[in-house]
Every structure is written in structure tokens, then in C-alpha cells.
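Undergrad: Handing you this structure, nothing more for now.
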Amino acid sequence: MTPGRRHHWLATAAALACAAAGCSSHNPGYFPYYFPGGRIQQEHAKPGGWGYFKNFDPKACKLEVSPPATTAPPGSAVVLVATVYDKDGQPRRDRRVEWLVEGPGNIIEVDESGLYAGRGYKVDNKYAVCYTNYTSHCITRGNDDPRDDVNIAPGQTFCVLHSAVPGETTVTALAPGVFNWDAGRVVVKVCWADSRFKFPTDAVARSGTETTLLTTISPAKGGESTAGYRVRYRVLDGPAAVLLSRGGGTTSTSQTGATPKETETLADGNGEAVVRLVQTTALAGKTRVAVEVVKPSENGVGPGTVVSRRETTVEWAAPQVELNVTAPKAAGVNGVVPVTVSLSNLGAVDGVAAKVRVAVPDGATVVKADPPPASQEPGALTWAFDALPAGSRQEVTLQVRPTQTGNLTLAAAAQTSDGMRAEKQATTRVEVAKLAAHFEAPPAVLVGAAVPLRLIVTNPGAGPAENATAWVRFDDGLASASDKNPVEVAVGTLAPGATKTVDVPLTGKAAGRFGVRASVTADGSLSAAAEPLTVEVRRAELALSVSAPARAYLGQDVTWNVVLRNPGDSPVSNVVVRGTLPPEVRGKDASDGGTLAGGVAEWRFPELKPGESKAVKVTASAAQLADRANLSVTATGDAGAAGSGARPTGDPVKATGAAAVALIGTPALVLELATPAGPIEVGKRASVTVRVRNTGTVSARGVQVTAFGPPELKPTGGSGTATGRVEDGQVVFAAVDDVRPGETATFTVQLDATAAGPARVRAEVRALHLANPLKEEQALTVVGSR
């Protein structure tokens, strides 16, 4: 394999390995499909040609370095982590980051992840190059303490710094792929010191006063003492201010000489270095102060070493006292006018004590003040307030009653103890207000339904009617949702000429005519009464009666009569009458346009007016025996007239009814008389058969058969279902107790022919259920012997 081909194979294998490790989500648009071979190259960060002047990597938009500033003891190592972001805040992989170090300290390690020419490298101890990672890594310091490990996520890279001497290192991190210079460069400060420093924080002070700047130096763990440390303060810019010692004069420990704009102070035994920043002339603005911590040299000779520096800002501000008076634009005579007086400190610093005085003109009286005034004199009230903290607000509320028409002007004045003043006033037009009220309601409602009662309140006057309240009273038969009578309804404030409508929720409890009355009151002794209203509450009702014969026989038709009435005083619409037939019958017909299906008869009527009735019938055939074959009927409807367009009122109107029929059976006996075929010779004996068959549905009781012979035929005996005896030329059979439905009782009569001639044989059947016997007669012929 040639060297060139070997490099190509290795690059392809590396690309496949990266893809298998999850590198397929790489994002550089110009990223090759395989990695170039060869050694690490210190190549140009930007492409040659015209691309040098272009945004050649538009997906890289911002560089961040963490931590932005830190302090570490000499001899330790600090890990700086850089992240390159796109416009959506997502970290980008394989982006170049360069590190430049100034001051004490060196780069001891840089992120060397990557392959071949794309790996990180050090040029020297002050300059290094690396690339953001494709996958996650954990940097461990080689000990067993996981707390000092550093995790490197995809899209991040790192640089490790070390310094054996104290001082401040400035690190510049550069992402050449970020087109915006400000977004692609980050400066980081690393302070190498055996102590930890707490610098003065930004502060706000009242202009013309002073503030304290405190720097605290704490020994590092296991470090040396802070003795001999100095802190240098220097005014950079902003409104004029001087630096003074805590005691009042300039510091005596300055190594370079104290000036009004620069001084040094020695840290005390607690590690505190304090100076005062004093503004002799009150000027607003921000003063920037540089703070440097100076460590003395080990031999005590020389200016020492600056081991850390910061900047702090002091904003000089003044209290901003604002006075406001708020009152309604209009009010009614003798009404209550709410007035609010507020004193606010809008500034960033605390204010001093203040007094607020409110002048009350003639023609008005103060009904109530909260809080109560500190002092009161004719026509004026005064309140005293302590110091006003920054952003705070003090408020006074007054209730003023005007007694005459015109303009009511309330003037307020505030003065602080340091001479600041503010004045404000508010004017309310006072006019005469009036009240008028009337009801709106339907002429009639139904029992149980809501009464849509509305009270319309109007102010026909020239002034506002305030705190208007309506009182609604009503007769028994009506009820309110709160079960209170009268009902109190808040109307509120009515501007001149304004109208308000309030709903008064009432319900009709019983049928009848009931009165409703209302009165309205408002501030200033205003009142009005509405014209009394009469509400008629009607009753919606249905009544149902069902009748039928007491009994019917099986196989016969039975008819139920249904009568529906409206005994109420309100129409009922959408009426449905539904009757359920008993299972012992089979439905045949529903009269008057009704429907009959599945054992249910149904009728529909659009409306049933008060006093109106409807009569319908349902006919069925008795199919089974039953002591009570019951037809149950239900009628339902909506309260109110049909076609009104309104929704049904209240619950549906309902009525029920029922009627039962006893379905009974009956025996049905059929008599048959069978005689011999042809003539009978004199001297011969003939047999006549009598058959009694029960074709009914119940047993026939006490069935008795009697056979009658003519003179030509002499009865001699009888046999069969019962035994017959001969009595006076007839055969009487014993009564049969029970002939069941479908059974046949058979009787045989023996006759002797005694004389020739025509003859007639007759049979009769009697039973307990028969009012008259069943009879059958047959003709025979008797001939002489041969």
C-alpha cells in the first residue's frame, strides 16, 4: 500500500469511527467527508482568497468563556472552558478557539482532541489553538476528588493556566469563525494570590453626601497573613468626588502620596481597607472608581505587586418627591367625594421627613380621613410623615361632602425638612343629581319558572348619583335566590343622563297575581320609587284518565279509552301521550292518528290549551289469560304555548294513568250425533254415538248427556265416558265432572227396533256454564224384517 493511499484509508476510517461515536451531528457546512492526513499544522484561521474577507462560518455567532474572572493561589491550575454558540444558542462543534496570555502565568495544557491537522496545539506558553469537541469529556486532575473535575460538553473546548508567582493574568480567547469581532473575543482575568478579595459593590448615594468603599482581604486556606496588603482607590470619571480616610483626612499610608482622586490605605487587622468617597457639590451621575489590591514585596522594598483589580460605580442621586391628588370629575350635592392624596419618592435614595397640607374650601366638609391628620385648623388638614424610603409611597384618603353646586377644588402642598416642595390640586364639578326607576317584566310566567324582572334606573339630573342602591320588595308567591325580602341590589354610580339596568332574580312559587315594588336611594339623600308591577304566575298542568271493561274473553277485542285534559291556566305544547300495552294482548289499532308499534301506542299534539281535552282509543286482542292486563299511559309536554320561539320553561309537565282488564277464558262444547248408515230392521239392535267436544279455553263442568228414542226404537242402555240408565224411553248418562279444553267425551246408546217406519233420535247436553242445553237430532228408518 502506498503512503498516499494509506493516509486516505486512515482518514476514511477515522471518519467512520467518528460517525459511529455520534459525530454525525457535526454542523460546519464546509466540513469534509474525511479528515485530511498528516501532522498537526499551524495553519491560517481563515480561508485564503476572497473568503478571508467574508463571513466564512455563518453558523458560529458567539464565544463565551467560563469563568469570566477568578482568583487562585500561586502554584495552582485554572481551567478555562470556551463555548461557541450559533444564533439559536446551540453549541457548535469543531470550531477553532485561540488563547493569548499576558502577564504572569503560562498555558500548561490545551485541548488536543481532534484528528491530524484538526487537533489542538501549543505554539508557546503564551499562545495556543484548540477546537470545540464532538463528544463529551471529563477532565480530571488525577486525584480521587471528583469535585475538581471539569466536564467538557460537545461544542466546548478548554485551556489550562498555571502561575507560580502572584499577579494578574489577562487571557484573550478568540474564535476566528465568529464574524462579529465583539462577539468572537472574550477577555478573562485570573488573579494569582494567596488571599481572597471582596471588592466594593456598586452603590447608590444621595448627591452631595458621601458613601463608604470597603475592600476585604481574607487569607487563603493555608496561605500567608494579609499583613502589609494595601488597597489603592482611584477616581476614574464621573461627577466630582474626593477620597478621604475613614477618620476624615486623607490616608497616611499612601505610598505614592494622597490626592483627592487617588489614595492608598493599609488593610487593618481584620483585612479591611476603607475609604470615604465624598461629593462636596451635589451633582447627579455615576462616578467610576478603580480598586487595586497591592501585595507588599517579600523584602519590603519597592512598590509591591498588584495582585487583583476591579472597578466599582457610585451613582449619585437625589430623592424625587411627587405629590398627586385624585378626585372624581363630577359629584352630586350632599354626596360623598372620595379624594386620594399621595406623596411618593421616585428617586433611588431615601428622602427626609415631610409634611402634607390639604386645604378644604368653603361649601365642603371632611366626613372621614385615613389616617387621621396630625393637626387640623379651619379649612385645612396637615399630616406629618417620617423619612420616605426610595420607591416608597405615603397615601391619605379623604371623604368630602359638598354642600353646594359649583367647582370643588382641593389643593395639597408638601414640604420636606430639607426644603423640597411640591403642590397639586384636583377639581370636582358638583351638580344636582336625580333618580328615576321603572320595571320591565313579562305579563305572565309559569310556576317554578324564573321571572325575568329588570329594574331600569336613570339619572336625569346634571350631577352624578353616587352609591345608588335598589330595594325590591315582592308578595308571597314569589321568591328570591337568597330567600330575602326585600332584595338589595347595588346600582353603583350614575353619571348625569346615564341609565343602568339591573336584573332582579325572582321565581314564581305558586299560581296567582303578585305585586312587586322597588325604591332606589343614593348619596345626598336622593331617592325614587318605581311604579308597582303585578306579575301573573300561571300553572301548567296535564290530567290523564284511562278506562276499560272489567273483563274480556280470550280471543275477543278489548278497547281502552284514554282522555287527556289541560286543567291548568297555561297552554302545554309538544304533548306526547304514550301507552304501553300489557304482554297478554296483541295491539291492533290506535285511533285518531296514533301509532302502534312494539306494544306501544303513541299520540302527539302540538298544543293543548287551557281547558282543552283529547280522547283517544287503543284496541287489542286478548291473547293470554290474566287477572290484570294493565295499560299504563304517560303524557308529557312543555309548559308554554307552541310556536312562541322561547325555550321550554321549567321542568316538563307530566301526567300518568292506567286501567286493567281481567282476561278470562270459557268452555265451548260441540255436540255430534252419529247414527248407523242405512235402514234398521225390526227386531235388530242399533247403536247411536253421542260425542261432546270442548273447543273452549277452560274445562266444562258437570257435563250430562241425555238420549231420547222414538216409539219405533226402544232404548235398552248406554255406555262410554259415563254409564247411562234407561228411564221412560230415554237414556240418561251420569254427569261428567270435567271435560278439559280439547277433550271429547263419547257416549253410546243401544236401541232395539220394534216397529217399522220413520224414526228420529235426539240427544241433549247440559253443563254448569250452559244456560240452555245443546240439542242434536238425526232421522232413521226402521223397516220390517225379511
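Undergrad: Residues in segment 419-428: is at least one farther than 28 Å from D362 by Cβ and modelled with pLDDT under 85?
TA: yes
Undergrad: Output the strands (runs of 3 or more DSSP E) that fall wholly within segment 716-762 and possess 3 or more residues being open to solvent by 60 Å² or more (accessible area, probe 1.4 Å), or say none.
TA: Ranges flagged: 724-727.
Undergrad: What number goes with the only condition from (1) closer than 27 Å to A622 by Cβ; (2) open to solvent by 40 Å² or more (accessible area, probe 1.4 Å) that A767 does not pass?
TA: (2)
Undergrad: For segment 636-673, what are the residues that are modelled with pLDDT of 90 or more, open to solvent by 50 Å² or more (accessible area, probe 1.4 Å), under 55 Å from the mean Cα position of the chain (by Cα) and over 11 Å from V575 (Cα atoms)?
TA: Passing the criteria: T656, A658.
Undergrad: Is there any pair with a first residue in segment 467-493 that is farther than 17 Å from A436 by Cα and a second that is part of a strand (DSSP E or B) and small (G, A, S) whose Cβ atoms are under 6 Å apart and which are 6 or more apart or on different chains, and what are they?
TA: Cβ pairs passing all conditions: D475/G515; G477/G512; V487/S480.
Undergrad: Restricting to segment 370-398, name every residue that is open to solvent by 20 Å² or more (accessible area, probe 1.4 Å), closer than 18 Å to T428 by Cα and modelled with pLDDT of 90 or more.
TA: Matches in segment 370-398: T397 only.
Undergrad: Conditions first: (1) more than 19 Å from G463 (Cα to Cα); (2) more than 48 Å from the chain's Cα centre (by Cα); (3) open to solvent by 10 Å² or more (accessible area, probe 1.4 Å). A354 passes all but one, so which condition is the exception?
TA: Failed condition: (3).
Undergrad: Continuing with the same structure: Quick one: how many residues across segment 273-302 are more than 14 Å from V235 (Cα to Cα) and outside any strand (DSSP E or B)?
TA: The number of residues fulfilling the criteria is 12.
Undergrad: Moving on to the next point. Could you tell me how many of the residues in segment 489-535 are in a strand (DSSP E or B), on the phi > 0 side of the Ramachandran plot and surrounded by fewer than 16 Cβ atoms within 10 Å (Cβ to Cβ)?
TA: Here the count works out to 1.
Undergrad: Condition check: open to solvent by 10 Å² or more (accessible area, probe 1.4 Å), farther than 25 Å from G105 by Cα and of a type in the set (K, R). Does R196 satisfy that?
TA: No; evaluated as a whole, the condition is false for this residue.
Undergrad: Determine which member of the set S195, S207, S225, S163 is within 22 Å of G103 (Cβ to Cβ), polar (S, T, N, Q) and at pLDDT below 90.
TA: Answer to the check: S195.
Undergrad: Same structure, new question: Quick one: S417 ticks every box in (1) more than 15 Å from A353 (Cβ to Cβ); (2) open to solvent by 50 Å² or more (accessible area, probe 1.4 Å) except a single one, so which number is it?
TA: Tallying (1) more than 15 Å from A353 (Cβ to Cβ); (2) open to solvent by 50 Å² or more (accessible area, probe 1.4 Å), S417 fails exactly one: (1).
Undergrad: Which one is nearest to T83 (Cα to Cα) among residues in segment 114-161 that are polar (S, T, N, Q), open to solvent by less than 20 Å² (accessible area, probe 1.4 Å) and part of a loop (DSSP other than H, G, I, E, B)?
TA: Only one residue tops the list, namely T132.
Undergrad: Among the residues of segment 37-69 satisfying the criterion of being surrounded by 14 or more Cβ atoms within 10 Å (Cβ to Cβ) and touching a helix residue (DSSP H, G or I) at 6+ places or on another chain (Cβ under 7 Å), which is modelled with the lowest pLDDT?
TA: This residue is G37.
Undergrad: If you go through segment 162-193, how many residues are open to solvent by less than 50 Å² (accessible area, probe 1.4 Å), farther than 30 Å from V235 by Cβ and out of contact with any Asp or Glu (no Cβ under 9 Å at 6 or more places or on another chain)?
TA: So the count comes out to 3.
Residues checked against (1) over 18 Å from T666 (Cβ atoms); (2) under 60 Å from the mean Cα position of the chain (by Cα); (3) modelled with pLDDT of 95 or more; (4) not charged (D, E, K, R):
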{"residue": "F708", "(1), (2), (3), (4)": "yes, no, no, yes"}
{"residue": "V726", "(1), (2), (3), (4)": "yes, no, no, yes"}
{"residue": "N772", "(1), (2), (3), (4)": "no, no, no, yes"}
{"residue": "E777", "(1), (2), (3), (4)": "yes, no, no, no"}
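Undergrad: Still on this structure, I have one more. If V242 passes every condition in (1) at pLDDT 90 or above; (2) of a type outside the set (S, T, Y); (3) open to solvent by 70 Å² or more (accessible area, probe 1.4 Å) but one, which one does it miss?
TA: (3)
Undergrad: Here is a follow-up. Within segment 550-589, count every residue that is open to solvent by 10 Å² or more (accessible area, probe 1.4 Å), within 21 Å of K654 (Cβ to Cβ) and of a type in the set (A, V, I, L, M).
TA: 3
Undergrad: So which of A470, A444, A462 ends up being of a type in the set (A, V, I, L, M) and within 16 Å of G524 (Cβ to Cβ)?
TA: After ruling out the rest, the residue left standing is A462.
Undergrad: Residue by residue through segment 303-334, note down the ones that are open to solvent by less than 30 Å² (accessible area, probe 1.4 Å), more than 30 Å from G363 (Cβ to Cβ) and outside any loop (DSSP other than H, G, I, E, B).
TA: V307, S308, T312, V314, W316, A317 - these are the residues of segment 303-334 that are open to solvent by less than 30 Å² (accessible area, probe 1.4 Å), more than 30 Å from G363 (Cβ to Cβ) and outside any loop (DSSP other than H, G, I, E, B).
Undergrad: If you don't mind, there's one more thing I want to ask. Please name all residue pairs, on different chains or six or more residues apart, with Cβ atoms under 6 Å, provided the first residue is in segment 669-682 and is more than 19 Å from T695 (Cα to Cα) and the second residue is open to solvent by less than 50 Å² (accessible area, probe 1.4 Å) and assigned to a loop (DSSP other than H, G, I, E, B).
TA: From residues that are more than 19 Å from T695 (Cα to Cα), the pairs are V682/G784.
Undergrad: Looking only at strands (runs of 3 or more DSSP E) that fall completely inside segment 585-630, which ones have 3 or more residues that are touching a residue at least 60 places away in the same chain (Cβ under 8 Å) and not acidic (D, E)?
TA: 613-622
Undergrad: Test each condition in (1) touching a Gly at 6+ places or on another chain (Cβ under 6 Å); (2) farther than 30 Å from P741 by Cα; (3) among the hydrophobic types (A, V, I, L, M, F, W, C) for A668 and report the one that comes out false.
TA: (2) is the only condition that A668 fails.
The values are calculated or read from the model by the stated rules, or taken from the named source; none is laboratory data. Just so it is clear, the model here is predicted, and its values are computed rather than measured. Cβ sites come from the backbone with ideal geometry, for glycine too, and all protein chains shown count toward neighbours. Note: accessible area is taken over every heavy atom of the protein model, side chains too, but ligands, DNA and RNA are not part of it. Shrake-Rupley method; radii C 1.70, N 1.55, O 1.52, S 1.80 Å.
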